[in-house]
Amino acid sequence: MNILVTGGAGYIGTHTCVELLNHGHDVVIVDNFVNSEKESIKRVEEITNKKIKFYEIDILNEKALDLVFKSNKIDAVIHFAGLKAVGESVEFPLKYYNNNITGSIVLFETMKKHNVKNIVFSSSATVYGMNNISPLTEDMPLSTTNPYGTTKMFIERILTDLYNSDNEWSIAILRYFNPIGAHPSGKIGENPKGIPNNLMPFITQVAVGKREKLSVFGNDYNTHDGTGVRDYIHVVDLAKGHLKALEYTMNTNKVEIVNLGTGKGYSVLDIIKAFEEGNNLSIPYEISERRPGDIATCFANTLKAKKILHWETKNTLLDMCKDSWRWQSNNPNGY
Ligand code: NAD
Ligand code: UD1
């Protein structure tokens, strides 16, 4: 199949492109490189020994997107393009609503126009909000604490309404838990601009000497060691989940929402320890204040993914720590 991957130059997009290409699919990337580099696409080509067609365009640009659909016979879309920094979304909500929601609407309109009605969409466990108790199931009530999360919740709703208006659509909405790790080649990985917001890129930047020490945001949560517990998932497992979701959309006409996680929760201190032991390194850290908006515990119920996608994760926490470090140590300054 020929798959249009929006945001395909980014962290999860590149790993998904590798899996798509390795499974014999063709890939067309649309990305404006607002949070990525062209080099990442070259690296995917190196890993897979295949060529990728890419368009440097913004998904908000209706004419340019239309031309991509006119010039390529697209079978399905995997939609990663979006801004994802929680703090920035609080400061610039309109930028987030415009980029993520309007951008998605432009994409869906263009798909409709060209009669491409199969889509896999990147949502986030952030839509479960502060009040649900883990393990989180797909039918729990949603709420959000920041504009980024709200964009995900709205786009989920828009896709559901779209399906309800026309049952020819086939839609998989994937709620990711915490993707970490990198391709085992060490050629592609997460490449945050500026100070990392998320735990693993911060740890790897401490390990490589770019940051002095990690701040652990609170050790007074109601968890086994007082630090926040999350469901960390290897990005390669996550990427493989997209292939399963794609297959599912090709064989059904439904809208389905599916958690992609491991179902296991690890604390911040567990992650530090695993990273140190797995890589024979020491990570200096200090305990600091809780980060506003953080919850104690968040991990997935993974039954639905097993049942309908026939997918589950394979990589261990040790794999995630080793692969994150291989990427960072091979590429201390990113791409
Ligand atoms: P990323 O920033 O690495 O990738 C997103 C890509 O989209 C980037 O290459 C960026 O340049 C591109 N992009 C953004 N706006 C665009 C626009 N208007 N037009 C064209 N391209 C645009 O992020 P990622 O970690 O790979 O995340 C991919 C998707 O998964 C995002 O939608 C994100 O919100 C979602 N998600 C990520 C996580 C995570 O922890 N990484 C968790 C849950 C959900
Ligand atoms: C964060 C976002 C969430 C987003 C997700 C994936 C917030 C409030 N939430 O979730 O919306 O979907 O990233 O992109 O930003 N931690 C530290 N020190 C650090 C960084 C993190 O102790 O420097 C802790 C956090 O308190 C948390 C855990 O590590 O307990 C994981 O943090 P992070 O990687 O930012 O992910 P989430 O908080 O799950």
**OP:** Report yes if some residue within the range 162-169 is farther than 26 Å from Glu286 by Cβ, open to solvent by less than 10 Å² (accessible area, probe 1.4 Å) and either part of a helix (DSSP H, G or I) or in contact with a Leu (Cβ under 8 Å, 6 or more places away or on another chain) (or both); otherwise report no.
**Re:** yes
**OP:** Kindly indicate whether Ser134 is open to solvent by 10 Å² or more (accessible area, probe 1.4 Å) and in contact with a Cys (Cβ under 8 Å, 6 or more places away or on another chain).
**Re:** yes
Original post:
How many of the residues making up the range 180-191 are open to solvent by less than 40 Å² (accessible area, probe 1.4 Å) and either more than 22 Å from Leu260 (Cβ to Cβ) or part of a loop (DSSP other than H, G, I, E, B) (or both)?
Top reply: 7
Subject >> Residue among Glu91, Glu156 that is open to solvent by 20 Å² or more (accessible area, probe 1.4 Å) and either of a type outside the set (Val, Ile, Thr) or over 14 Å from the mean Cα position of the chain (by Cα) (or both) >> reply: Glu91
Original post:
Just wondering, is there one or more residues in the range 297-305 that are open to solvent by 70 Å² or more (accessible area, probe 1.4 Å) and within 28 Å of Asn132 (Cα to Cα)?
Top reply: yes
Original post:
Which members of the range 308-324 meet the condition of being within 18 Å of Val258 (Cα to Cα) and open to solvent by less than 80 Å² (accessible area, probe 1.4 Å)?
Top reply: Ile308, Leu309, Trp311, Thr313
Original post:
Of everything in the range 230-247 that's open to solvent by 10 Å² or more (accessible area, probe 1.4 Å) and hydrophobic (A, V, I, L, M, F, W, C), which residue is nearest to ligand 1 (Cβ to nearest atom)?
Top reply: Val236
**OP:** Hey, can you tell me all the residues within the range 277-335 that are of a type in the set (Gly, Ala, Ser) and part of a loop (DSSP other than H, G, I, E, B)?
**Re:** Ser282, Gly293, Ala296, Gly334
Subject >> Ser40 vs. criteria out of contact with any Leu (no Cβ under 7 Å at 6 or more places or on another chain), of a type in the set (Ser, Thr, Tyr) and open to solvent by less than 20 Å² (accessible area, probe 1.4 Å) >> reply: yes
**OP:** Report the residue count in the range 288-314 for those that are within 16 Å of ligand 1 (Cβ to nearest atom) and within 18 Å of the chain's Cα centre (by Cα).
**Re:** 6
Subject >> Boolean, Tyr266 is open to solvent by 30 Å² or more (accessible area, probe 1.4 Å), away from ligand 2 (no atom under 16 Å from the Cβ), in contact with a strand residue (DSSP E or B) (Cβ under 7 Å, 6 or more places away or on another chain) and of a type in the set (Phe, Trp, Tyr) >> reply: no
Subject >> Hits in the range 289-335 - residues which are within 25 Å of Lys42 (Cα to Cα), polar (S, T, N, Q) and modelled with pLDDT of 95 or more >> reply: Ser324, Gln328, Ser329, Asn330, Asn331
Original post:
With the range 46-126 as the region, which strands (runs of 3 or more DSSP E) entirely inside it contain at least 1 residues that are within 22 Å of Leu260 (Cβ to Cβ) and of a type outside the set (D, E, K, R)?
Top reply: 76-79, 118-124
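The values are calculated or read from the model by the stated rules, or taken from the named source; none is laboratory data. What you see is a predicted model, and the numbers here were worked out from it, not measured in a lab. Neighbour counts run over all protein chains shown; Cβ positions are idealised from the backbone, glycine included. Surface areas here come from the heavy atoms of the whole protein model, side chains and all, with no ligands, DNA or RNA. Shrake-Rupley method; radii C 1.70, N 1.55, O 1.52, S 1.80 Å.
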